[in-house]
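One structure is given below, encoded as structure tokens.
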Amino acid sequence: MKLIEALKFINELEVSVFRTDDIAAYFNIKIPHASKILTRLSKSNHLLHLKKGLWAVPDKIDPLELPNYLLAPLPSYISFHSALYYRNVIDQIPSIIYVATLYKTIKFITPIATISAHQIHPDFFFGYTYDEKTKIKMATAEKALIDTLYLSSAKSGIFRSLPEVDIDELNLEKARKIIKKIPYKSRQTLVLKRFNALLK
């Protein structure tokens, strides 16, 4: 199979991300052969290699879509500093896309963006919006803030400090209700203390 033939097919796809086995199945070739073709296309900048077996078409994918593909089949949503920025709660643009997930805490470095995914308790996995068109899930302003405070005591120290927060962009009552849903009472108390400190 010629590279130009594979590239033509890929460009005609109505998806921004695909797997090696998709190409192997379409052209009825073995996966290692398909992988070699895709690697060559990647080296010539026609494709982006996201992780083993996963590829993206340049200029077709929004970086915020990446977590859906990188963390599948487990769910995730944009949160922490990233969601706080997009919800206008902080002005500082994060250089990394921060994500809440049911998967283990993990970092992905891709040609498009770096994704830092952080595991949260299944009972605390809520409080996000869903865009039907882009499939992007993003925490509400209040949930993004409480998620950040929820993990502020984590060993990594990533969320220990916050940029200046615009309190006017938050519904404080909603935030307090979210805190009450934190699974562990000790964590609830800690988060509430840090939340109240932000209001002073």
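The values are calculated or read from the model by the stated rules, or taken from the named source; none is laboratory data. All of these numbers come straight from a predicted model, not from anything done at the bench. Because the Cβ atoms are built from the backbone with ideal geometry, glycine has one as well, and the counts that use them run over all protein chains shown.
If the requirement is being in contact with a strand residue (DSSP E or B) (Cβ under 8 Å, 6 or more places away or on another chain), farther than 15 Å from TYR69 by Cα and assigned by TED's automatic domain parsing to the domain that holds LEU70, which of these qualifies: TYR130, TYR150, TYR184?
On the way: TYR150 fails: in contact with a strand residue (DSSP E or B) (Cβ under 8 Å, 6 or more places away or on another chain); TYR184 fails: in contact with a strand residue (DSSP E or B) (Cβ under 8 Å, 6 or more places away or on another chain).
Matching residue, one of TYR130, TYR150, TYR184: TYR130.
With the condition being under 16 Å from SER79 (Cα atoms) and of a type outside the set (Val, Ile, Thr), I'd like the helices (runs of 4 or more DSSP H) fully within the range 136-200 carrying at least 1 qualifying residues. Spell out how you get there, then give the answer.
Values: elements: 141-150, 172-179, 185-199.
Where helices (runs of 4 or more DSSP H) fall fully within the range 136-200 and carry at least 1 residues being under 16 Å from SER79 (Cα atoms) and of a type outside the set (Val, Ile, Thr), they are 141-150, 172-179.
Just checking, how many residues over the range 132-181 are among the β-branched types (Val, Ile, Thr) and within 19 Å of the chain's Cα centre (by Cα)?
Here is the first cut: in the range 132-181, the residues among the β-branched types (Val, Ile, Thr) are 134, 136, 140, 146, 148, 158, 165, 167, 178-179.
Now narrow it down to the ones that are within 19 Å of the chain's Cα centre (by Cα): 134, 136, 140, 146, 148, 158.
Going through the range 132-181 one residue at a time, the tally reaches 6.
Say whether the condition of being of a type in the set (A, V, I, L, M) and loosely packed, with under 14 Cβ neighbours inside 10 Å is met by at least one residue in the range 162-173.
In the first step, residues of the range 162-173 are kept if they are of a type in the set (A, V, I, L, M); the result is 162, 165, 167, 170, 172.
Retained after the next criterion (residues that are loosely packed, with under 14 Cβ neighbours inside 10 Å): 167, 172.
Yes, the range 162-173 contains a residue that is of a type in the set (A, V, I, L, M) and loosely packed, with under 14 Cβ neighbours inside 10 Å.
Looking at ILE97, ILE37, can you tell me which residue is over 23 Å from TYR150 (Cα atoms) and buried (at least 21 other Cβ atoms within 10 Å of the Cβ)? Steps first, answer last, please.
Working: ILE97 fails: over 23 Å from TYR150 (Cα atoms).
Within the list ILE97, ILE37, the selection yields ILE37.
Yes or no, residue by residue, for (1) part of a loop (DSSP other than H, G, I, E, B); (2) of a type in the set (A, V, I, L, M); (3) assigned by TED's automatic domain parsing to the domain that holds ILE146:
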{"site": "LYS8", "(1), (2), (3)": "no, no, no"}
{"site": "VAL15", "(1), (2), (3)": "yes, yes, no"}
{"site": "ALA34", "(1), (2), (3)": "no, yes, no"}
{"site": "LEU38", "(1), (2), (3)": "no, yes, no"}
{"site": "ASN45", "(1), (2), (3)": "yes, no, no"}
{"site": "ALA72", "(1), (2), (3)": "yes, yes, yes"}
{"site": "TYR85", "(1), (2), (3)": "no, no, yes"}
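Looking at the range 87-113, which of its residues are assigned to a strand (DSSP E or B) and over 25 Å from ASP166 (Cβ atoms)?
Just the residues of the range 87-113 that are assigned to a strand (DSSP E or B), to begin with: 97-101, 106-109.
Those that are assigned to a strand (DSSP E or B) and over 25 Å from ASP166 (Cβ atoms): THR101, ILE106, LYS107, PHE108, ILE109.
Residues of the range 138-153 being of a type outside the set (Val, Ile, Thr) and within 23 Å of GLU173 (Cβ to Cβ), which ones? Please lay out each step first, then the result.
Keep residues of the range 138-153 that are of a type outside the set (Val, Ile, Thr), which gives 138-139, 141-145, 147, 149-153.
Within the range 138-153, MET138, ALA139, ALA141, GLU142, LYS143, ALA144, LEU145, ASP147, LEU149, TYR150, LEU151, SER152 qualify.
Taking LYS143, is it basic (Lys, Arg) and out of contact with any helix residue (DSSP H, G or I) (no Cβ under 7 Å at 6 or more places or on another chain)?
Details: basic (Lys, Arg): yes; out of contact with any helix residue (DSSP H, G or I) (no Cβ under 7 Å at 6 or more places or on another chain): no.
Taking the combined requirement at face value, the residue does not satisfy it.
Can you tell me which of (1) surrounded by fewer than 17 Cβ atoms within 10 Å (Cβ to Cβ); (2) over 22 Å from ILE112 (Cα atoms) is the one ASN45 doesn't meet?
Here ASN45 clears every test but (2).
Yes or no: the range 125-134 includes at least one residue that is surrounded by 14 or more Cβ atoms within 10 Å (Cβ to Cβ), of a type in the set (Gly, Ala, Ser) and in contact with a Phe, Trp or Tyr (Cβ under 7 Å, 6 or more places away or on another chain).
No, the conditions are met nowhere in the range 125-134.
Just the residues that are closer than 18 Å to ASN171 by Cβ and in a strand (DSSP E or B), please, taken from the range 114-135.
Passing the criteria: TYR128, THR129.
Taking the stated definitions as given, is ASP147 crowded, with 23+ Cβ neighbours inside 10 Å, at pLDDT 95 or above and under 27 Å from LYS180 (Cβ atoms)? Write out each step before concluding.
Details: crowded, with 23+ Cβ neighbours inside 10 Å: yes; at pLDDT 95 or above: yes; under 27 Å from LYS180 (Cβ atoms): yes.
So ASP147 passes the test.
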